[in-house]
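The values are calculated or read from the model by the stated rules, or taken from the named source; none is laboratory data. Quick caveat, the model's predicted, so the values are computed rather than measured. Methodologically, a virtual Cβ is constructed for each residue, glycine included, from the backbone with ideal geometry; neighbour enumeration extends over all protein chains shown.
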Amino acid sequence: MGKSENQVIADVRVHFSESISQAFCEYVENVALIYSRYIFTWRKGKKQFGYCTHCKHEYETDGLLRDGKFATCGWCGSECVLKASGRSRKHLIDEAYIVWYERSVVNPKAITARGVHVTRDYRENFRGVSTQFRTKALYLFEPGKGGTMIDHANYISEGKWFVNETIHSFTQSFAWSDIAGVKRFCPVEPIVAAVEGTPFQFSTWESWVGWGIGDMVKFFDLFAKYPCIEYLCKLGFREVVEAKLYGLTTYSAVNWRGGSLPEVLRLTKQDLNQLRESKLVVDPWVLFLCQQSKKEGWNFSTEELKKLSIEISNTRSSDLKKVLKRTTLRKMTAYLVKQQRNPEVYKHYRTKGEVLQIWGDYIDDCVKLNFDLTHERVLFPVNLYQAHQNTIQQVEVKENELLRAKIESRRKALSKFQFEAFGFIIRPTKDQKELIEEGKALHHCVGGYADKYAKGESDIFVIRKVEKPDEPFFTMEIKNGTITQCYGLKHCRPPHDVEAFIKAFTREKLAKRKSGAKLAEQRMEVAV
């Protein structure tokens, strides 16, 4: 049985000291909020006085100091921004968000990170302003277990902690966050002190500082889950780690819980040595291609694999996997080359990646049409372009046949609602062709309702004059036994005589079925 949220929160908080360290306070004062030092000035007669928010001393200034300039405090020597005390301070609040790393107080092998929102608010009174500390997030990283994050969702939920399903960083850009636009810091020195003597010390974390991962919480979470991160980085497979770290796909090419490099990368030591000697940059896509080549007895050289990874980019991964379910990498490559040499194919698809994509679409069509893809003449058509055009047409015919059958079934079921009076007649739409012609003649969009009509999501009826039964006049949509819209030429509304007919139809055909025989129920009978 899993732990309750409250138990998880308690288990995380026990790793943190109750108070914020003096070193952290000094960092806030001297780095994160060093810009938040002001001398507020005022006049008494011909003399000017100032109040320093850093040392909290009041003194007579040496001459007249101008608002907005910099000046050195006569007491503490701090460089401060000058502010006229009489001017508005309604927006004068200084903020910063700092992620501060420390060692766990209960587990010497674990490290923690505390995300703190600090503020200095001068809006009400500039005297006696102190720094306010609000812990927004707590992170715990335990080797072999991964990371755990708890946070205050926002100021509204102040005082209540929530467990996050995944580790995320508030130092990255979160427009929705209550600290959006706030200056953010993650000093390196506390990390150095926190990881010393722990497994994290050798995780290669230093090489990731400044690589766009902000406060390092995602990296330490990844390393805590998968210690293989260390030797992947050290042995030349950094691009594989980078993809995982940035949330990119790794094509199931990596066994992150493997106990050795061969297990992690699913290649032998000999294979790995060969890759390193080739100096091939191995990202997850190249690794996937290497593994496919290995299955076929390494029938590709590293240079061929490098070239193939460029010619068929990772954006074609789904098409590649689709094709490789039915053939080998070598046969696939040979077929792509052959198709590129076909003038008609090359006219439409210039690159191997484009040919592969169309091949994947062609295979999908063959599956829909129940073609036997075990036959080479089906899987490897002589002219892929012509073959694909042919399957497109056949799929359209098959889908149209299904659509026609569904619409005909609906028409039969809804025919009981056909009604004639006052020289008008209303009946369900006959087929897709009538829907399209109706839309063209009356200049509205009912032609696009065929699929909804066939599925029973909408009931489409046409209103005709009795003497002109095939000439489009008005079109009506009914949902759940209620008329939702009825339009004629260019979306005109029904005139009085047609309105009277519609009321009679509603009374005779719709109102009588409200008590158990709604069109919605009919729709359930005929929807396929």
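Descriptive notes on the structure:
- Scanning the stretch 473-498 for residues that are over 46 Å from the mean Cα position of the chain (by Cα) and closer than 13 Å to ILE426 by Cβ turns up PHE473, PRO494, VAL498.
- Residues in the stretch 269-279 that are more than 21 Å from SER207 (Cα to Cα), in contact (Cβ under 8 Å) with a residue 12 or more places away in the chain and either among the basic types (Lys, Arg) or loosely packed, with under 12 Cβ neighbours inside 10 Å (or both): there are none.
- GLN393, sole failed condition from (1) surrounded by 14 or more Cβ atoms within 10 Å (Cβ to Cβ); (2) not assigned by TED's automatic domain parsing to the domain that holds SER458: (1)
- Matching entry among ASP221, ASP215, ASP178, ASP151 (being acidic (Asp, Glu) and modelled with pLDDT of 95 or more): ASP221
- Matching residues in the stretch 349-380 - criterion: being basic (Lys, Arg) and touching a Lys or Arg at 6+ places or on another chain (Cβ under 6 Å): none
- Those residues of the stretch 24-55 which are basic (Lys, Arg) and either at pLDDT below 95 or touching a Pro at 6+ places or on another chain (Cβ under 8 Å) (or both), in sequence order: ARG43, LYS44, LYS46, LYS47
- Residue under evaluation ASN400, criteria (1) within 26 Å of ASP451 (Cβ to Cβ); (2) surrounded by 13 or more Cβ atoms within 10 Å (Cβ to Cβ); (3) of a type outside the set (Phe, Trp, Tyr), criterion not met: (2)
- Any chance THR250 is farther than 27 Å from THR315 by Cβ, crowded, with 16+ Cβ neighbours inside 10 Å, within 19 Å of the chain's Cα centre (by Cα) and in contact (Cβ under 8 Å) with a residue 24 or more places away in the chain: no
- Of all residues in the stretch 217-247, exactly one satisfies the criterion of being within 28 Å of SER104 (Cβ to Cβ), surrounded by fewer than 19 Cβ atoms within 10 Å (Cβ to Cβ) and among the small types (Gly, Ala, Ser), namely GLY247.
- For the stretch 205-216, filtering for residues that are part of a helix (DSSP H, G or I) and either under 21 Å from the mean Cα position of the chain (by Cα) or surrounded by 15 or more Cβ atoms within 10 Å (Cβ to Cβ) (or both) leaves 2.
- Looking only at the stretch 91-133, and only at residues there that are outside any strand (DSSP E or B) and among the aliphatic types (A, V, I, L, M), the one that is nearest to the chain's Cα centre (by Cα): ALA110
- Checked against (1) at pLDDT below 90; (2) surrounded by 13 or more Cβ atoms within 10 Å (Cβ to Cβ), HIS388 passes all but condition (1).
- Per this entry, ILE156 is counted among residues that are exposed (fewer than 14 other Cβ atoms within 10 Å of the Cβ) and either in a helix (DSSP H, G or I) or modelled with pLDDT under 75 (or both).
- VAL282 vs. criteria among the β-branched types (Val, Ile, Thr), assigned by TED's automatic domain parsing to the domain that holds LYS244 and free of Cβ contacts under 8 Å to residues at least 60 places away in the same chain: yes
Let's see how each residue does on (1) more than 23 Å from ILE98 (Cβ to Cβ); (2) in contact (Cβ under 8 Å) with a residue 12 or more places away in the chain; (3) of a type in the set (Gly, Ala, Ser):
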| residue | (1), (2), (3) |
| --- | --- |
| THR198 | no, yes, no |
| GLN201 | no, no, no |
| GLU230 | yes, yes, no |
| SER260 | yes, no, yes |
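- Scope the stretch 365-401; condition part of a helix (DSSP H, G or I), in contact (Cβ under 8 Å) with a residue 24 or more places away in the chain and under 30 Å from ASP431 (Cβ atoms); matching residues: ASP365, CYS366, LYS368, HIS388, THR391, ILE392, GLN394, VAL395, LYS398, ASN400
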